[in-house]
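Chemist: Dropping the structure in here first, questions after.
The values are calculated or read from the model by the stated rules, or taken from the named source; none is laboratory data. Given the structure is predicted, the values throughout are model-derived calculations rather than measurements. All Cβ positions, glycine included, derive from the backbone under ideal geometry; neighbour counts span all protein chains shown. What goes into the accessible areas is simple: the full protein's heavy atoms, side chains included, and nothing from ligands, DNA or RNA. Shrake-Rupley method; radii C 1.70, N 1.55, O 1.52, S 1.80 Å.
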Amino acid sequence: GDIVFSEGDKGCDMFFINSGVVEVSTENGFRTTLKQGDFVGEGALLSNKPRSGTVTCITPVHAIKITKDYFEKYLKSSDSGLSLKMLEKCKDRATSRTMFSGFSDLLSENMKNESFDKGAVVFQEGEEGNDMFFINEGIVEVTNKDGFRATLKQGDFVGEGALLSKKRRSATVTCLSPVKGMKITKEYFDKYMAMSDSDLSSKMHEKNKEREL
């Protein structure tokens with residue numbers, strides 16, 4: 001239950017998680033979990049902005065704290081590929097948080113919360129895509145007939161590809177555990193994308209190209 005840092009705090013360091021699990025949450029309701037091998041807090045160091053989320057220990061956690069001074073020295077002494085990976089990881093998290101926040105603000109009473117049992121199919125490959133899904137709790141597996149396989153968890157979204165491309169679902173999404181989240185209809189998705197900045201729209205298209213969902 002210990003808090004590593006709180007949303008709005010000044011960011012002076014980041015953490016590498018050696019063991020344990022932490023939850024990242026924001027005031028607008030975004031939640032995701034990080035575990036051994038993950039890092040957290042780099043966003044504030046890269047952007048020089050206050051913390052964008054609160055990090056709470058779900059289990060006992062052992063981590064290495066890296067101060068801003070050493071972080072900057074390390075990036076300068078490292079190859080550019082590492083710097084880009086850190087930036088992309090930060091951008092990817094920020095995109096999910098921004099999307100969640102934006103849809104929450106836009107939909108409010110119009111969002112449709114749904115729950116699925118373990119083994120339930122959220123989307124089926126080949127079906128028409130009329131909505132997308134934000135995962136609030138649980139894990140899903142994404143598969144297709146070509147052998148593609150990936151897992152998504154709390155804080156991720158899935159199904160946006162069919163809305164962006166106006167094509168049928170390119171994969172099946174199956175719950176590996178009980179799952180809770182919210183479905184966003186194409187109508188409200190289109191409204192949100194129309195009122196969003198072009199950079200966010202580009203990121204959504206980039207994420208879709210990576211996964212082709």
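Chemist: Would you mind telling me which numbered condition in (1) under 23 Å from Met182 (Cα atoms); (2) modelled with pLDDT of 85 or more; (3) among the small types (Gly, Ala, Ser) Gly8 fails?
Modeler: Among (1) under 23 Å from Met182 (Cα atoms); (2) modelled with pLDDT of 85 or more; (3) among the small types (Gly, Ala, Ser), Gly8 violates only (1).
Chemist: If you check Val173 against the conditions, is it farther than 20 Å from Gly147 by Cα and at pLDDT 90 or above?
Modeler: No.
Chemist: Which residues, taken from region 6-47, are within 24 Å of Phe134 (Cβ to Cβ) and over 19 Å from the mean Cα position of the chain (by Cα)?
Modeler: Correct list: Gly8 only.
Chemist: Taking the residues in region 47-68 that are charged (D, E, K, R) and open to solvent by 100 Å² or more (accessible area, probe 1.4 Å) as candidates, determine which candidate is modelled with the highest pLDDT.
Modeler: So, considering only residues that are charged (D, E, K, R) and open to solvent by 100 Å² or more (accessible area, probe 1.4 Å), the one modelled with the highest pLDDT is Lys65.
Chemist: Restricting to region 96-131, name every residue that is crowded, with 19+ Cβ neighbours inside 10 Å and modelled with pLDDT of 85 or more.
Modeler: Phe116, Val122, Phe123, Gly129, Asp131
Chemist: Filter region 132-168 for residues that are open to solvent by 40 Å² or more (accessible area, probe 1.4 Å) and either small (Gly, Ala, Ser) or touching a Phe, Trp or Tyr at 6+ places or on another chain (Cβ under 6 Å) (or both) and give the result.
Modeler: Gly147, Ser165
Chemist: Keeping to region 138-169, report how many residues are among the charged types (D, E, K, R), touching a residue at least 60 places away in the same chain (Cβ under 8 Å) and assigned to a strand (DSSP E or B).
Modeler: Matching residues across region 138-169 total 1.
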